[in-house]
Amino acid sequence: MSNDTTTRSSTSTLQDVEQFLYRQADILDERRWEEWLGLFTDDGIYWMPASADQETGEGQPNIFWEDHYLMDMRIRRVEHPYAHSQKAGHRTSHVVSNVMIESESDDEIVATSRFHMVEYRLDEQRYFGGKYTHRFARMDAGLKIKLQRVDLANVEGPFEYVMQIWL
Amino acid sequence: MPLDQYNNLGSLVEPDRVHKACYADEQVFEKELENIFYKSWIYIGHESQVPNAGDYWTTWVGKERMILCRGENGDVNVLYNRCPHRGALICNNLNGNAPKAFRCPYHAWQFNMDGSLRNVPMKQGYEGVIDLTDPQLQMKRAERQETYRGFVFASLSEEGPSLEEWLGQGAKAAFDDICNRSPEGECEVVVNCFRIIQHSNWKIFLENQLDAVHPSITHHSTGDAAADMQRVYKEKTGDEPPMGYQFLADFTLPYEKWDSLDTIGHPYGHTLLAGYMGLRPRDPVTIAHEESLTAVHGEKRMDEILSTNVHHVLVYPCLSVQPPLQQLRAVRPLAANKTLTEIWHFRLKGAPEGIYDRSLAYYYHVNSPSTMVNADDLNNFRACQDGLTLEGGGDWVSFHRNYGQDPVENGITTSVTGMSKQPMRNMFAAWKEYMSA
């Protein structure tokens, strides 16, 4: 069973990662932005490629490519009193599943998972799904995201409206 | 409201106001396709989108589905995406490569990239029945196809002005300004198309592009957040923040600044807005760019090229181009209340990589599916469309601001202030002409 990654990684690693992913989903759905930023290392990046076969986000078109500063700007923007387009009772619900540990070392874990997300806005519900690839740093304070890659199932679009919050 | 209730379509447009049916009525929309989108020139794509033989991209002209492709002889062609046999779409993907020939997925009729019939399986069934060299059995080419500096346009009408005549100085500036900024005089598309649906009429988008009143209101939150982050970035790192923050912070320029800009109305509805963003700072990237142009053209010409300061050029009815940031949005109307935008950006051949990075930053912040700018615009467009669809509450849309005050010379209108509704009036004057023809 050489492909059975869960037996190669320790059960506690898998549990740690699963709990992290569930908590991250909860933070997004409850819009706890300060906690969101705390999920990432200082140089952590949130990345949604613009195509399925993209190997890096640097210097290329992306749907999201955000460091700490850009994420901070997005938070300030959606919470701004004059962000009129964000007043529509925007709500999301994430489910994360199929968690697998791809690799593990003393200071790093790479894990993949699948997500489904529904978003409610202006009397309409949109549906997103895709794959997360998290590169975690193991730190004294627990896991932190160095790079989160989000591959949307419908990456080519067309998109009805745009995405204002990370998925 | 049925179309025959309007005396004629021209009566929907007065010099300073237009009837809501222009935006909300499906019959008016059908007439727009017929009179505007199937008669004028429509942008199809850039030659560099299809670099190799067999490469293709699909797109729309009105409700017609078209293919941009390159043949083995290097020619770029625009074809209707329809098999002459049973009518199936030949290319069902957004883009791809058809090695050697297009092959219909239904019965394997094969076509060369110029649309000519290459092969039909079990030909003997047609012997003595029809002539397989009959042009009727080819994939139909667009009625007309012309290219300006690498930008490919098609017209589905046999007749009309040539592309260059139709573009005129006003709209040619869009492509000249992009290409001239390259030391090689050419640009190259980055093969990525962001496609975003607007739940609104196509004209609402074009009008908004040149509406200098809206940015500091509509984009207030994003401009503030970006200005905040410029401060935070500097405090934390001691470095100058990346230019992307400035692109966003610029949206909250004071009214006076917007009012001081020019908009210029050209024939056929092409309209432009002068630039306002400081895209010529004294940083190493800009200086290297200047040097690369000076090496080819000398300093005087370099300065002429980089002093050209245009923010948006609308090529009516199909494009919004931002030359100094090398990007464009193609407008594909799908219904009176639904518009697809296809959003592209370009590299300047031979220019420093840092110039591309600027284009990419703008493409990300303003034009990507995570944009914090168009998010607000799209919200407004939809609110307009929903309001204009209502039966009650009034019938007209106001374009009164500075009406009668914009000076006209040789058929070209220069707005008296940046906030003048000159662009809307100019576009609707062209609309009325097309629709009354």
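The values are calculated or read from the model by the stated rules, or taken from the named source; none is laboratory data. Since this is a predicted model, take the numbers as computed values, not measurements. For neighbour counting, all protein chains shown are included, and Cβ atoms are generated from backbone atoms with ideal geometry for every residue, glycine included.
Quick notes
- Of all residues in region A:29-63, those being under 20 Å from B:ARG347 (Cα atoms), of a type in the set (Val, Ile, Thr) and surrounded by 11 or more Cβ atoms within 10 Å (Cβ to Cβ) number 1.
- Test result for B:ALA351, more than 30 Å from B:LEU12 (Cβ to Cβ) and in contact (Cβ under 8 Å) with a residue 60 or more places away in the chain: yes
- All positions within region B:35-55 that are over 19 Å from the mean Cα position of the chain (by Cα) and in contact (Cβ under 8 Å) with a residue 24 or more places away in the chain: B:ASN52, B:ALA53, B:GLY54, B:ASP55
- Test: residue in region B:348-361 that is away from chain A (no Cβ under 11 Å), in a strand (DSSP E or B), in contact with a Ser or Thr (Cβ under 7 Å, 6 or more places away or on another chain) and not small (Gly, Ala, Ser): yes
- Of all residue pairs spaced 6 or more apart or on separate chains, those with beta-carbon atoms under 7 Å, a first member in region B:378-397 that is at the interface with chain A (Cβ under 10 Å from one of its Cβ atoms) and a second member that is in a strand (DSSP E or B) are B:LEU378/B:GLN198.
- Against the test of being more than 18 Å from A:GLU35 (Cβ to Cβ) and not in a strand (DSSP E or B), the options A:ALA111, A:ALA88 yield a single qualifying residue, A:ALA88.
- Residue match in region A:41-59 (condition: more than 14 Å from chain B (Cβ to nearest Cβ) and outside any loop (DSSP other than H, G, I, E, B)): yes
To keep it simple, each residue is scored yes or no on (1) of a type in the set (S, T, N, Q); (2) facing chain A (nearest Cβ under 7 Å).
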site	(1), (2)
B:GLU184	no, no
B:GLU188	no, no
B:VAL191	no, no
B:THR222	yes, yes
B:ALA226	no, yes
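- Filter result for B:THR133 (assigned to a loop (DSSP other than H, G, I, E, B) and out of contact with any helix residue (DSSP H, G or I) (no Cβ under 6 Å at 6 or more places or on another chain)): yes
- Residue-level check: of (1) away from chain A (no Cβ under 14 Å); (2) under 30 Å from B:PRO284 (Cβ atoms), B:GLN169 misses just (2).
- One residue stands out in region A:116-162 among those that are modelled with pLDDT under 95 and assigned to a loop (DSSP other than H, G, I, E, B): the one that is nearest to B:HIS199 (Cα to Cα), namely A:TYR161.
- Residue check for B:GLU47: assigned by TED's automatic domain parsing to the domain that holds B:ARG141 and within 25 Å of B:ARG144 (Cβ to Cβ): yes
- Members of region A:64-83 found to be more than 20 Å from B:TYR363 (Cβ to Cβ) and either exposed (fewer than 15 other Cβ atoms within 10 Å of the Cβ) or more than 7 Å from chain B (Cβ to nearest Cβ) (or both), listed by number: A:HIS68, A:ILE75, A:VAL78, A:GLU79, A:PRO81
- Complete set of residues in region B:362-377 that are more than 8 Å from chain A (Cβ to nearest Cβ) and part of a loop (DSSP other than H, G, I, E, B): B:VAL373
Matching residues to (1) among the acidic types (Asp, Glu); (2) farther than 30 Å from A:GLY57 by Cβ; (3) surrounded by fewer than 19 Cβ atoms within 10 Å (Cβ to Cβ):
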residue	(1), (2), (3)
B:LEU360	no, no, no
B:GLY393	no, yes, yes
B:PHE399	no, yes, no
B:ASP406	yes, yes, no
B:GLU409	yes, yes, yes
B:THR413	no, yes, no
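- For B:SER436, the criteria (1) closer than 28 Å to B:LEU33 by Cβ; (2) within 14 Å of chain A (Cβ to nearest Cβ) hold in every case but one, which is (2).
- Number of residues in region B:280-304 that are surrounded by 18 or more Cβ atoms within 10 Å (Cβ to Cβ) and among the hydrophobic types (A, V, I, L, M, F, W, C) equals 2.
- Residues of region B:321-347 classified as of a type in the set (A, V, I, L, M), in contact with a helix residue (DSSP H, G or I) (Cβ under 9 Å, 6 or more places away or on another chain), away from chain A (no Cβ under 11 Å) and assigned to a strand (DSSP E or B), total: 4
- Some residue of region B:293-308 being at pLDDT below 95 and closer than 30 Å to B:PHE428 by Cβ: yes
- Taken as a whole, the structure leaves B:ALA154 outside the set of residues that are surrounded by fewer than 20 Cβ atoms within 10 Å (Cβ to Cβ), aliphatic (A, V, I, L, M) and touching a Lys or Arg at 6+ places or on another chain (Cβ under 8 Å).
- Residues of region A:99-108 satisfying the condition of being out of contact with any Asp or Glu (no Cβ under 8 Å at 6 or more places or on another chain) and in a strand (DSSP E or B): A:MET100, A:ILE101, A:GLU102, A:SER103, A:GLU104, A:GLU108
- Residue check: A:TYR127 meets all listed conditions (1) surrounded by 15 or more Cβ atoms within 10 Å (Cβ to Cβ); (2) more than 9 Å from chain B (Cβ to nearest Cβ) but one, namely (1).
- Condition check for B:THR58: closer than 27 Å to B:PHE194 by Cα and free of Cβ contacts under 8 Å to residues at least 60 places away in the same chain: yes
- The residue of region B:102-127 that is farthest from B:GLY54 (Cα to Cα), among those that are at pLDDT 95 or above and of a type in the set (Gly, Ala, Ser), is B:ALA108.
- Condition broken by B:ILE67, with the remaining ones in (1) assigned to a loop (DSSP other than H, G, I, E, B); (2) within 17 Å of B:VAL50 (Cα to Cα) satisfied: (1)
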